[in-house]
Ligand SMILES: Cc1cc2nc3c(=O)[nH]c(=O)nc-3n(C[C@H](O)[C@H](O)[C@H](O)COP(=O)(O)O)c2cc1C
């Protein structure tokens, strides 16, 4: 099981929170471009808490030497895996000629992977789509995976829908192109030695179990973010962990400890952390009132612990349907 890389969402605060909920799932960073890493503030992009292991750094780029350098930085900072993004459809990324459009250039992706494999001792993995625009036959993704595997990638995360680079926003590209899980299943059958993870539209434990019967791993994105409590069952259900006594209150409490530590050590405001846990009470009575307090920027001058007390006493919001 893994939690997907999500730009602006899976920052280190979010991952710290997710780790409290699952001790075993693999966590991904947001995508970091080679440019940002090689010419920007390295610590800002790569710092993470020791508790976040196992953790993968996702890179965006298409220049082998730069990716090798970035991968080495990732290894030096203690990441457990380097992942290359070959699935992002955004226009900005297309202009940089990486992300999903790299699927049209398997030989270049192979060069990128080889450069990274030669540079580091940790696994180098690839996250990709099943097709790009009209190139959506099984042969297209099979040849992509085959070529990239020869360069030394042994683990592929298959977002099981095509990227439509013309006319769809990134958000629409996560919803409109149809999901085709059978493509991932077929990849596993054709490349039994490769570790194949499937991603896209998977939410419930039942759906996870169904996909795990076909491939090696399931990666969950939006459901993990919007309904983080769903992670709390993963370790025991799918990852060989013992059931844990865990409550939402205890997790919230631990997050307040973390907010206090972050504020003292790095000057981080509590709301930069709290924004990731707003789904913690998803589906429970009173969730909206609770969430409204934790997202109320008028309270930003207060210490996190006072906000916690207010959130717990929040009156139900009128017309609450949670
Ligand atoms: C807000 C947001 C940001 C995302 N950023 C990235 C990213 O940086 N790298 C990436 O490979 N995928 C990114 N994705 C795609 C997710 O990793 C995932 O492939 C997609 O959401 C489908 O999985 P899901 O249906 O479980 O959410 C992002 C998705 C969302 C919702």
- Item | Positions within region 245-290 being touching a residue at least 60 places away in the same chain (Cβ under 8 Å) and not in a helix (DSSP H, G or I), in sequence order | 246, 268
- Query: For residues in region 122-132 being part of a loop (DSSP other than H, G, I, E, B) and in contact with a helix residue (DSSP H, G or I) (Cβ under 7 Å, 6 or more places away or on another chain), which is nearest to residue 69 (Cα to Cα)?
  - Reply: 122
- Considering (1) away from the ligand (no atom under 16 Å from the Cβ); (2) surrounded by 18 or more Cβ atoms within 10 Å (Cβ to Cβ); (3) within 22 Å of the chain's Cα centre (by Cα), say which one residue 154 fails and leave the rest. (2)
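Results for (1) surrounded by fewer than 24 Cβ atoms within 10 Å (Cβ to Cβ); (2) away from the ligand (no atom under 14 Å from the Cβ); (3) assigned to a helix (DSSP H, G or I); (4) not assigned by TED's automatic domain parsing to the domain that holds residue 261, shown as yes or no for each residue.
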site	(1), (2), (3), (4)
9	yes, no, no, yes
18	yes, no, yes, yes
29	no, no, no, yes
35	yes, yes, yes, yes
38	yes, yes, yes, yes
57	no, no, no, yes
70	no, yes, yes, yes
73	yes, yes, yes, yes
84	no, no, no, yes
- Task: Tell me which of these residue 207 doesn't satisfy, since it passes every other one: (1) buried (at least 17 other Cβ atoms within 10 Å of the Cβ); (2) free of Cβ contacts under 8 Å to residues at least 40 places away in the same chain; (3) within 14 Å of the ligand (Cβ to nearest atom).
- Result: (1)
- From the options 232, 242, residue that is more than 16 Å from the ligand (Cβ to nearest atom) and not in a helix (DSSP H, G or I): 242
- Could you list, in sequence order, the residues of region 40-49 that are within 26 Å of residue 1 (Cα to Cα) and assigned to a helix (DSSP H, G or I)? 45, 46
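The values are calculated or read from the model by the stated rules, or taken from the named source; none is laboratory data. Here the structure is a predicted model, which means the values were calculated and not measured. Note that we place each Cβ from the backbone using ideal geometry, even for glycine, and neighbour counts take in every protein chain shown.
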